[in-house]
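Student: Can you keep this structure in mind? I'll have questions shortly.
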Amino acid sequence: MKTNSLTENLANLVAGESALIQAIHTDDALRQRLLALGFRVGKHIEIIRKARFSGPLQVRIGTTDILLRRNEAAKIMVEKL
Amino acid sequence: MKRVALLGMPNTGKSTLFNRMTGGSARVGNWPGITVELLSSKILLGGDMVEIIDLPGIYDIHGFSEDEQVVRHFLHDNVPDLAIIILNATQIERQLSLLLQLRQYNLNMVVLLNMADEAKKFGISIDTAKMSASLGIPIFLLSAKYGNGYQEALQSVTKALRYSTPGMAEELRSQLEQDAHIESEMTRVLQNSVQVPMRLPDNLTTHLDHIMLHPWLGLPIFFGIMYLLFQGIFILGQPLQTGIGDLFSWLREAALTPLLSGLPAILQGLLLDGIYNGVATVAAFVPIIILFFLFMAIVEDTGYLSRAAFLMDALMAKLGLDGRSFVMLLMGFGCNVPALMGTRVMRSRSLRLLSMLVIPFSLCSARLQVFIFITAALFAPKSAALVVFSLYLFSFAAAILTALIFKRYFPNSEPFVLELPPYRFPTIRQMLLRGWHEVYHFVHRASKFIIIGVVFVWLLTHFPATATPAGPDTWAGQIGSWLHPLFKPIGITAELTIALIFGFVAKEIVIGSLAVIYGLSGHALSGALALQLDWVQAYSFMLFTLIYTPCLSTIATLQSESKNTGFTLLSLIWSLAFAWVVSFVFYQSARVLGY
C-alpha cells in the first residue's frame, strides 16, 4: 500500500471505489447545493457507476444517491480509501 | 384567513401531501414579492378556512437557485401563520439542515417526516419524541402516499394553527448567514434520536438499476421504454381524439346547424366555422394531454426520469440541454403541446426555455398525416417510407442545430446535480390528479388564444364575402399572392401558400384546406397535386411544413409556459426563418443538380 497522499479528484475514481471528501472547490451556487445534498468535508462517498461516453457519475453519500457531471466532480477532492 | 405554507426539499413527497390535504382542488395564483405562480388551495381545518400554499422544493434557504429565491421572497413578503416542513425520513441526516435553517426565522412550524414506510425498510429508526424535545417543534412520522399517520399530523397542524407566527423581526428576516453552527446542531439532534445503518441493504432499486443503467443495455432499454410510451399515447389517444372530433361534428350537425339556420350566412360561418371549430380544436387536445401526463406521471414518479437523464446526459450536455430535455423532445414526436408543458420538471429557467425552443421541431403526429398524404400522392410506394424517414432525420437535425445555435444565449446557471430517488410505485390517484391539473391548466390558459386564432384564420379565408372561401380573392389568397415572391424561390405555389396559412392553426387541417382550395378531395386531390407539383417542390413544401410553427396551440402553450412574449416571438420567427432557409437550400440545390 502506498503511504503518500492519495488525494485525487472525484472524477478519476472508478465505479465501486470509496473515498473521503477532502475539499470542495466549486463556485458558491454549486457548493451550497452540494452541501445541502450531503457533500461535506470528511464524509464518506462511494462511486456507484459512471455513464458511458464521459457521462455523469452516480455517487452515494449516506442514504442519498446523486448524479453529477464529470467536470463538476473534478472540482471535488477526495482521499481514496 | 390563516396561511399555511408547505416547505421541504425536492423529492420529499411534498406535492403528494399537498394533494392529499387539498383533494386536488388547487389553483395557481400570484403572490406579492415573487414572479412565479404557486399552487394553493383553501380548505376547512378545525372549523376555519385556511389557505395552503405549496412552495417549490428547495435544498437550502440561502441557496442560489431560482426556486430558493422564490421561497425566500415569499417568506419575506407573505409570512405564513404556520409552516409545515416536510422532510424525507430516509434522508433525515442531511435534510435536517433545512429545518434548522428555517427554525432561525422564528416561524410557527410543524415537522412531518414523510416516507416513514421507506425509512423503516432501510432500517432507519427515528425517535420523534426525543427529536421533538431537542428541537422544541412538534414532529410526526407520516406516509403521505398511503395516508399512515396523516390524521395525527392533521390534528397537530390544526392545533398549531391556534398560535400564529409571532411576526418576523426585521433583523431575522434580512439575516442571511447563520449557518456556521448548524453542523454541530445537526449532530446534536441526530445523535440521540436517529439511527442509520452503516451500509444500506441491497434492495430492489439496486437490482433494477443494474439492468436499467447497464453500460450496454441501458440505452436500448431507454429507447424501448420511450417507444412503448409513444405508441401507448398514440394508440390510445388517436381513437379518443377522433371520437371527440366526431362528437363535435355530430353536435354541430344535429343541434347547432338547425338552431342557427335563421341567422345570416356570415354570422353562421363565424359562429360555427370560427368559434365552434376553435372550441373543438381545444377539445381535441384534451385526451392527448391527459394520456401524456398519465404516462409522464409514471415515468417521473417511479424515478425513471432521473435515470433517463443519467443515460442521455453525455450527449445532451454538448447541446446545452440535459437528459430530461431529451425525454420531452422524444415525447414531442407524439404532440408538442404536452411536451412543452412537461418541461416544467426542469427547475432551471434557461434550461427550460432552451428545451422549449427545441421541442417544436419534433415531427408530431399531426405533421405526419400531411407527410403521409403528400408522399403517397407524389412518391412511388418504394421510396415513400424512405421519404418519411428522411423527414424524421431532418426533425432531429433541426432540433440539434437550434440547440447548438442558441445554447449560448440560454446559459444554464443551475448545476447538473440531481438526486437519484429509489424506484417507487406511482399511485393511481396521483397520476389522475396530474392529468386533470394539466388539462385544466391548458384549457384555462390556451383556449382563448386558440379560439381567437381559429376565428382570425376563418376571417382571412372567408372575406371579402364575395370571394369563394379559401380562394385566391380572399384576404388569405391576397396575402398568399403578396407572399408569393417569398415562396417562389422555395418552389411553393400560391395554393400551397394558402394551405400553409391554414397550417398555422393546426397541421391536421392542411390536407382539408387543400381540398377546399382545389375543390377536390381524396384521390382526386392527390391526382391534382401530382399533376401540378414535381417531387422537389413537394419535398420542399414538406420541409417547410416540418420546420415552421407547428400550430396555434403550440404557440399558445409557449406563451403560457414561458410568460414571455419576446421568447414566444423568437420561437415563431426563428422557426419561420429556419424553415425558409432549409427549403431554399434544398430546392435550389436540387434544381442546380438538374432535378
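The values are calculated or read from the model by the stated rules, or taken from the named source; none is laboratory data. Since this is a predicted model, take the numbers as computed values, not measurements. Here the Cβ positions follow ideal geometry from the backbone for every residue, glycine too, while neighbour counts run over all protein chains shown.
Student: Among residues belonging to the range B:316-342 that are within 14 Å of another protein chain (Cβ to nearest Cβ) and at pLDDT 85 or above, point out the one that is surrounded by the fewest Cβ atoms within 10 Å (Cβ to Cβ). Steps first, answer last, please.
Tutor: Looking only at the range B:316-342, we keep the residues that are within 14 Å of another protein chain (Cβ to nearest Cβ), and these are B:316-324, B:326.
Then keep just the ones that are at pLDDT 85 or above; that gives B:316-321, B:326.
Values: B:MET316: 22, B:ALA317: 20, B:LYS318: 14, B:LEU319: 21, B:GLY320: 21, B:LEU321: 26, B:PHE326: 23.
For the range B:316-342, the residue satisfying everything is B:LYS318.
Student: Another question, if that's okay. Out of all the residues in the range B:203-225, is one or more within 14 Å of chain A (Cβ to nearest Cβ), surrounded by fewer than 16 Cβ atoms within 10 Å (Cβ to Cβ) and modelled with pLDDT under 85?
Tutor: Looking through the range B:203-225, at least one residue is within 14 Å of chain A (Cβ to nearest Cβ), surrounded by fewer than 16 Cβ atoms within 10 Å (Cβ to Cβ) and modelled with pLDDT under 85.
Student: Let me ask something else. With B:PRO56, B:PRO80 as the choices, which residue is touching a residue at least 12 places away in the same chain (Cβ under 8 Å) and either more than 30 Å from A:THR64 (Cα to Cα) or of a type in the set (Lys, Arg) (or both)?
Tutor: When all the criteria are applied, what remains is B:PRO80.
Student: Considering only the range B:497-524, state which residues are assigned to a helix (DSSP H, G or I), free of Cβ contacts under 8 Å to residues at least 60 places away in the same chain, under 19 Å from B:GLY477 (Cα atoms) and hydrophobic (A, V, I, L, M, F, W, C). Can you show your working first?
Tutor: Of all residues in the range B:497-524, those assigned to a helix (DSSP H, G or I) come to B:497-503, B:507-518, B:522-524.
Remaining after also requiring free of Cβ contacts under 8 Å to residues at least 60 places away in the same chain: B:497-502, B:509, B:512-518, B:522-524.
Filter once more, so that each one left must be under 19 Å from B:GLY477 (Cα atoms): B:497-502, B:509, B:512-518.
Those that are assigned to a helix (DSSP H, G or I), free of Cβ contacts under 8 Å to residues at least 60 places away in the same chain, under 19 Å from B:GLY477 (Cα atoms) and hydrophobic (A, V, I, L, M, F, W, C): B:ILE498, B:ALA499, B:LEU500, B:ILE501, B:PHE502, B:ILE509, B:LEU514, B:ALA515, B:VAL516, B:ILE517.
Student: Please go through the range A:1-30 and pick out each residue that is within 10 Å of chain B (Cβ to nearest Cβ) and crowded, with 17+ Cβ neighbours inside 10 Å.
Tutor: Residues satisfying the conditions are A:THR26, A:LEU30.
Student: Let me ask another. Within the range B:357-367, identify whether any single residue is more than 18 Å from B:PHE230 (Cβ to Cβ) and either under 19 Å from the mean Cα position of the chain (by Cα) or surrounded by fewer than 20 Cβ atoms within 10 Å (Cβ to Cβ) (or both), and answer yes or no.
Tutor: Yes, because at least one residue in the range B:357-367 is more than 18 Å from B:PHE230 (Cβ to Cβ) and either under 19 Å from the mean Cα position of the chain (by Cα) or surrounded by fewer than 20 Cβ atoms within 10 Å (Cβ to Cβ) (or both).
Student: Select from the range B:79-136 the residues that are of a type in the set (Gly, Ala, Ser) and within 11 Å of chain A (Cβ to nearest Cβ) and write down the one among them that is surrounded by the most Cβ atoms within 10 Å (Cβ to Cβ).
Tutor: B:ALA89
Student: Ok, one more. Kindly provide the set of residues from the range A:36-72 that are more than 7 Å from chain B (Cβ to nearest Cβ) and assigned to a helix (DSSP H, G or I), ordered by number.
Tutor: Listed by number, the residues that qualify are A:ARG70, A:ASN71.
Student: Shifting gears a bit: When you go through (1) more than 20 Å from B:PRO426 (Cβ to Cβ); (2) surrounded by fewer than 24 Cβ atoms within 10 Å (Cβ to Cβ); (3) not hydroxyl-bearing (Ser, Thr, Tyr) one by one for B:GLY303, which number turns out not to apply?
Tutor: (1)
Student: Ok, one more. Quick check on the range B:397-422: of everything there that is closer than 25 Å to B:ASP67 by Cβ and surrounded by fewer than 17 Cβ atoms within 10 Å (Cβ to Cβ), which residue is nearest to the other protein chains (Cβ to nearest Cβ)?
Tutor: Per the criteria, the residue is B:SER413.
Student: For the list (1) touching a residue at least 12 places away in the same chain (Cβ under 8 Å); (2) more than 17 Å from B:VAL345 (Cα to Cα), I need the number of the one condition that B:GLY47 fails.
Tutor: Going through (1) touching a residue at least 12 places away in the same chain (Cβ under 8 Å); (2) more than 17 Å from B:VAL345 (Cα to Cα) one by one, B:GLY47 breaks only (1).
Student: Taking only the range B:395-416 into account, find how many residues are of a type in the set (Val, Ile, Thr) and under 21 Å from the mean Cα position of the chain (by Cα).
Tutor: 2
Student: With B:SER560, B:SER481, B:SER553, B:SER521 as the choices, which residue is hydroxyl-bearing (Ser, Thr, Tyr) and crowded, with 22+ Cβ neighbours inside 10 Å? Even if it seems obvious, please write down each step before you answer.
Tutor: Values: B:SER560 fails: crowded, with 22+ Cβ neighbours inside 10 Å; B:SER481 fails: crowded, with 22+ Cβ neighbours inside 10 Å; B:SER521 fails: crowded, with 22+ Cβ neighbours inside 10 Å.
Criteria check complete, one pass: B:SER553.
Student: Can you report the number of residues in the range B:254-305 which are of a type in the set (S, T, N, Q), assigned to a helix (DSSP H, G or I) and either in contact with a Pro (Cβ under 6 Å, 6 or more places away or on another chain) or modelled with pLDDT of 85 or more (or both)? Please lay out each step first, then the result.
Tutor: Keep residues of the range B:254-305 that are of a type in the set (S, T, N, Q), which gives B:257, B:261, B:268, B:277, B:281, B:302.
Imposing the further condition that a residue be assigned to a helix (DSSP H, G or I) reduces the set to B:257, B:268, B:277, B:281.
Now drop any that are not either in contact with a Pro (Cβ under 6 Å, 6 or more places away or on another chain) or modelled with pLDDT of 85 or more (or both), which leaves B:257, B:268.
Residues in the range B:254-305 being of a type in the set (S, T, N, Q), assigned to a helix (DSSP H, G or I) and either in contact with a Pro (Cβ under 6 Å, 6 or more places away or on another chain) or modelled with pLDDT of 85 or more (or both): 2 in total.
Student: Related question: Just to be sure I understand, how many residues within the range B:89-139 are over 31 Å from the mean Cα position of the chain (by Cα) and on the phi > 0 side of the Ramachandran plot?
Tutor: 3
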